[in-house]
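Down below is the structure, laid out as structure tokens.
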Amino acid sequence: MAFEKSLSLLRLAEMAAARHQGVCLLDVMEEFAVNQRTAQRMMRGLEAAFASVVHSIDDDRRKWWKLQDATVLRWQGVRDSELAALDMSIRRARREGADLDAAALVCLRDRILATMPGPHARRAEADAAAMLEAQGYACRPGPKAQIAPMILGNIALGIKAPFALDLVYQGARDTDATPRKVEPYGLLLGVRQYLVARDTQQGGAYRRFRLDRITDARITGQSFARDPEFDLTSFAAQAFGSFHSDSEHGPVIWRFTPKAAPVARDFEFHPTQRLIDEPDGSLRVEFTASGWIEMIWHLYQWGDQVEVVAPEALKHLVKGFQRQDLEVLP
């Protein structure tokens, strides 16, 4: 018990040192799943153990604790579990096509290990490798489209700066690749990866551009002001997956059988979903989105354990393709 309390105190000190404002009681309660009285005792322990803890009061009269001297925390080095988690994040980023994130994480990993004594670093790497082998690699299996690193790098720089981009894009209905000038806002990662950008030559509408159909991307050097009202999360929620269609956007209702209901209840099919338990034990899932093809791909995995109630067009598309011999639910 005393050992666990010591680890909790070290973790609390890390939080108080790493965060600009420090930590408040609510942070402690959430991080350690304790009540307010226990959080107060932990803060008194932090003050007793570290002389450099200072206090501040914000406009809402909340008290914050900040650890100014974190020298002693650097003696801990890096734990094998932390290094393993970083390695798994690198593998996951590479697998999902987030090559720039993977490169940044590799640089962070190298910089962390460079600050550690040689024997400690080698031991941490060996232990992390053993943990990865024991736990299995965390990744997203399945095929993915290949994206040219130079194109992805220019897009990322355009988003970060921000700079407008000159794209050469081969749309689904285009006979030839078309030059476009866009203002990049973000990326959507999934089975298909999309650039979200304002098409300045098409009335300034926000559009999704498939990355694998961008044959060239060049930075113009022309900066632009981001729309403060635009929210990438809300924009992405218009679709079930990565693809969006205005003509398909609307209410979606699925009903899972009593057998499949416990499994389906653990899924988040969409951020706007609402789950309704039916009297017979089935589960009704309601949300608003578009992207029927991606919905069909997902629904196929449930075999005959799911019924499409709405929209009627989606119901028609899946009719006759709900197999009865799929014995394993997603």
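All of ARG213, ARG180, ARG208, ARG226 fail the test of being in contact with a His (Cβ under 7 Å, 6 or more places away or on another chain) and basic (Lys, Arg), apart from ARG208. Return a yes/no flag: does the stretch 275-297 have any residue that is among the hydrophobic types (A, V, I, L, M, F, W, C), assigned to a loop (DSSP other than H, G, I, E, B) and over 23 Å from the mean Cα position of the chain (by Cα). So far as the stretch 275-297 goes, no, none of its residues is among the hydrophobic types (A, V, I, L, M, F, W, C), assigned to a loop (DSSP other than H, G, I, E, B) and over 23 Å from the mean Cα position of the chain (by Cα). Scanning the stretch 144-162 finds one or more residues that are in a loop (DSSP other than H, G, I, E, B), at pLDDT below 75 and touching a helix residue (DSSP H, G or I) at 6+ places or on another chain (Cβ under 6 Å).
For the stretch 30-69, how many residues are surrounded by fewer than 16 Cβ atoms within 10 Å (Cβ to Cβ), of a type in the set (A, V, I, L, M, F, W, C) and assigned to a helix (DSSP H, G or I)? Residues that pass the stated criteria total 3.
In the stretch 242-253, the residue that is modelled with the highest pLDDT out of those that are farther than 22 Å from ILE276 by Cα and crowded, with 17+ Cβ neighbours inside 10 Å is GLU248.
The values are calculated or read from the model by the stated rules, or taken from the named source; none is laboratory data. It should be emphasised that the depicted structure is a prediction, and the values quoted were computed from it without experimental measurement. No Cβ is skipped: glycine too gets one built from the backbone with ideal geometry, and neighbour counts run over all protein chains shown.
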